[in-house]
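The values are calculated or read from the model by the stated rules, or taken from the named source; none is laboratory data. If you're wondering where the values come from, they're calculated on a predicted model, not measured in any experiment. So basically every Cβ, Gly included, is an ideal-geometry build from the backbone, and we count neighbours across all protein chains shown. Surface areas here come from the heavy atoms of the whole protein model, side chains and all, with no ligands, DNA or RNA. Shrake-Rupley method; radii C 1.70, N 1.55, O 1.52, S 1.80 Å.
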Amino acid sequence: MHYINPMKHMIKRIFSLTVVALILSCAAKAQVNYQPIIPQALAPDGTPYLTWSDITKYTRTYHVNKNHPGASDQNNGTEEHPFLTINHAAQLVKAGERVSIHSGIYRELVRPRFSGEGADRMISYEAAPGEQVIIRGSRIITSPWIPSVDSNDKANIAGALNGSIKPGFGEIFSKQLWMTTLPESLFENEYFAFRTPNASNEEIDLMHWALRWKGRIPYSLPRGSIFQEGRRLEQLASYEDLVRMKGSYWVAPDGLTIHIHPFGSINPNGVSFEAAIQPHIFQPESIGMGFIRVSGLTMEHCANGFPRIGEGALFTMGGHNWIIENNTVRQINSLGIEAGFQVFESRDKRYTKRTDPDIGYNIIRNNRISGCGGAGLRGHTVTNALVENNYIVDCGWQDIEFVYEIAGIKLLRTLGTLVRNNYIANVQGGCGIWLDWDNKNSRVSGNIIHDISTVSGAIYIEASPLMNMVDNNVIWNINGQGIRVADTDSTIIAHNLLSNVSEEQVFAIAVSDRSVNGRRVTSTNNRIVNNIIIDQGKPIASADPSNVADYNLYVSTKSGQKAVKDSGEHSKTLNGEISFDTDNLLLTWKSSSPLPLVPLVKNCELDFFRIGRKAVHNAPGPFQGMVNSATLILNKVSK
């Protein structure tokens with residue numbers, strides 16, 4: 001049984017083959033050998049997703065080693081005479097060459113100058129084998145801490161800071177509070193992170209959906225962060241509130257004076273404090289650079305803002321054919337990694353329409369992203385990307401869901417993009433995975449998503465009239481909807497496992513009057529099949545009769561309570577037991593009776609573990625051949 005309209009399938013297949021032909025033509029010019037992903041991953045229209053690899057035989061390696069006693073940017077960059085800074089090497093390295101970075105903490109903005117020229121002529125920035133490289137957007141605070149003077153007592157503040165008076169009883173607000181003033185020389189390129197709001201009024205004007213947040217907290221708070229012994233302090237909007245929270249800070253109106261309530265209420269002098277001041281950590285000098293590899297680096301302490309575009313700590317600047325792999329991105333004020341064709345909002349005065357082709361083909365894999373105040377990974381206009389095996393946790397702590405750009409992974413306008421095998425957990429105020437606006441032939445497959453709090457869904461495909469697929473995902477403990485396909489048509493939602501979802505398991509309703517490509521949005525022809533839904537909160541929500549829900553299995557784990565199924569003729573209910581140890585990714589299943597058999601879904605013939613499904617043993621849910629009981633280790637993504 002196939003859940004695809006044959007005529008629509010044919011039209012979309014012709015469209016996809018045309019796109020593939022165009023891509024391969026561009027690839028030939030760029031000397032890239034695109035090959036089907038192995039094991040094969042098929043797009044919703046049946047065409048294989050393609051990938052590529054770095055086949056460069058590097059002709060020169062520049063070494064950067066700040067801990068080498070003779071390190072200097074006046075050196076020649078050999079291992080014996082290494083450079084002091086990464087950015088100096090980034091001004092020299094050219095196609096076919098690489099930068100090997102040795103252990104150390106590098107406090108700098110890396111701005112690559114040159115682009116690679118093909119898969120066999122890449123530029124690579126990589127950690128030396130076995131060495132830990134940390135690039136920080138913060139600087140050590142060296143100015144002394146003195147007792148904090150009441151922020152309303154301007155005379156005493158001025159005197160305390162210039163040393164003309166010594167604060168004493170009656171002049172300080174609390175003995176738990178301390179203050180210092182950062183020198184203006186600490187800040188570079190006139191980017192004053194503690195004077196720059198997370199989203200200025202001018203920036204919010206570019207995002208009409210966020211206009212109501214002008215001047216409101218936390219949008220109006222400064223972007224700069226403070227770290228005590230590597231631990232981020234919480235920024236407060238009111239000086240008076242500092243006494244109520246250990247591990248907090250407040251920025252005075254001058255954007256230089258910082259008041260803190262340290263963790264442990266200790267004297268901060270002699271303790272390591274850092275101030276995050278950079279808008280990015282890795283950002284090319286030019287738009288659209290390609291064939292760059294970034295591997296094995298740790299990037300942290302970035303003072304970036306909330307706008308939709310151009311904020312990533314690691315920002316490709318609209319580049320194509322990047323390989324971003326095995327990196328750690330953590331403790332970021334807003335956005336971790338940004339990779340998409342668009343660099344500026346169309347209404348931004350810096351915006352110029354690009355005339356170069358949107359080849360895409362960025363590969364983002366095996367990265368560990370955590371502690372981002374906004375999204376972990378984001379991109380606007382994402383073509384032919386492969387986003388896989390990333391570990392994304394503890395994001396969204398700014399709790400700014402209603403800027404509508406927050407998720408573990410948030411990609412806008414995807415085409416032929418595969419998002420698979422990612423682990424996403426503990427997102428506050430955002431989706432797990434969100435494909436937004438006019439997505440085409442993209443697939444969200446085999447991801448583990450748990451402990452998400454959102455007004456939307458753990459997975460959200462938004463405003464997309466053409467076919468996409470959501471399959472083989474494990475969705476667990478969601479405060480919100482499970483899978484949301486609002487204003488979206490022709491999405492195949494198959495073989496997912498959803499458990500402890502508080503709102504609708506699947507939400508397939510048109511909720512706005514927007515238009516996509518001149519066509520009023522609808523939510524039609526969606527197929528919700530072969531899923532396992534456990535202890536459902538609210539049932540599937542579907543307003544249009546063209547949406548089909550069938551062959552789903554509804555399980556109740558509560559004694560004496562029978563599950564309630566959808567209206568599909570072949571959907572079933574049963575009682576069972578299920579647990580998911582999220583620390584060890586151990587899923588245990590036991591049911592009161594054998595699982596029913598369900599028909600194959602075209603182009604979804606591989607299960608969560610990439611085991612081929614067989615029509616005679618095809619069970620609902622992500623795991624092929626699942627029977628009455630099973631213990632499964634879902635360890636595709638290393639924790």
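List of remarks:
- Considering (1) open to solvent by 10 Å² or more (accessible area, probe 1.4 Å); (2) assigned to a loop (DSSP other than H, G, I, E, B); (3) farther than 20 Å from Gln228 by Cβ, the lone condition that Gly305 does not fulfil carries the number (1).
- Matching residues, the stretch 171-183, being part of a loop (DSSP other than H, G, I, E, B) and either at pLDDT 95 or above or open to solvent by 40 Å² or more (accessible area, probe 1.4 Å) (or both): Glu171, Phe173, Lys175, Gln176, Leu177, Leu182, Pro183
- Of the residues examined, Val616 is not one that is free of Cβ contacts under 8 Å to residues at least 60 places away in the same chain, part of a loop (DSSP other than H, G, I, E, B), open to solvent by 60 Å² or more (accessible area, probe 1.4 Å) and more than 28 Å from Asn426 (Cα to Cα).
- Criterion applied to Thr298, Thr316, Thr352 was being under 27 Å from Ser248 (Cβ atoms) and either among the hydroxyl-bearing types (Ser, Thr, Tyr) or surrounded by fewer than 23 Cβ atoms within 10 Å (Cβ to Cβ) (or both), and the one residue passing it is Thr298.
- Positions within the stretch 357-379 being surrounded by fewer than 24 Cβ atoms within 10 Å (Cβ to Cβ) and either farther than 29 Å from Arg216 by Cβ or not polar (S, T, N, Q) (or both), in sequence order: Pro357, Asp358, Ile359, Ile363, Arg365, Asn366, Arg368, Gly371
- Number of positions in the stretch 441-451 that are free of Cβ contacts under 8 Å to residues at least 40 places away in the same chain and part of a strand (DSSP E or B): 1
So that you can scan it fast, the table gives a plain yes or no per residue for (1) within 15 Å of Ser225 (Cβ to Cβ); (2) aliphatic (A, V, I, L, M):
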residue: Ile260; (1), (2): yes, yes
residue: Phe263; (1), (2): yes, no
residue: Pro284; (1), (2): no, no
residue: Arg293; (1), (2): no, no
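- Filtered residues of the stretch 329-349 (kept if open to solvent by 10 Å² or more (accessible area, probe 1.4 Å) and outside any loop (DSSP other than H, G, I, E, B)): Arg330, Gln331
- Single residue of the stretch 471-492 satisfying the filter (in contact with a His (Cβ under 8 Å, 6 or more places away or on another chain) and in a strand (DSSP E or B)) that is surrounded by the fewest Cβ atoms within 10 Å (Cβ to Cβ): Asn477
Every residue, every condition in (1) closer than 22 Å to Gln235 by Cα; (2) in contact (Cβ under 8 Å) with a residue 24 or more places away in the chain; (3) out of contact with any Asp or Glu (no Cβ under 9 Å at 6 or more places or on another chain), yes or no:
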residue	(1), (2), (3)
Ala276	yes, yes, no
Gly288	no, yes, no
Phe291	no, yes, no
Met299	yes, yes, yes
Ile309	no, yes, no
Glu325	no, yes, yes
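- Any hit, the stretch 65-75, residues being loosely packed, with under 15 Cβ neighbours inside 10 Å and basic (Lys, Arg): no
- Scanning the stretch 380-398 for residues that are surrounded by 22 or more Cβ atoms within 10 Å (Cβ to Cβ) and either among the small types (Gly, Ala, Ser) or within 24 Å of Gly416 (Cβ to Cβ) (or both) yields His380, Val382, Thr383, Asn384, Ala385, Leu386, Val387, Glu388, Asn390, Ile392, Gly396.
Here's the yes/no breakdown for (1) of a type in the set (Ser, Thr, Tyr); (2) open to solvent by less than 20 Å² (accessible area, probe 1.4 Å); (3) under 31 Å from the mean Cα position of the chain (by Cα); (4) closer than 27 Å to Ile452 by Cβ:
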position	(1), (2), (3), (4)
Arg520	no, no, yes, no
Tyr551	yes, no, no, yes
Gly560	no, no, no, no
Ser571	yes, yes, no, yes
Trp589	no, yes, yes, yes
Pro596	no, no, no, no
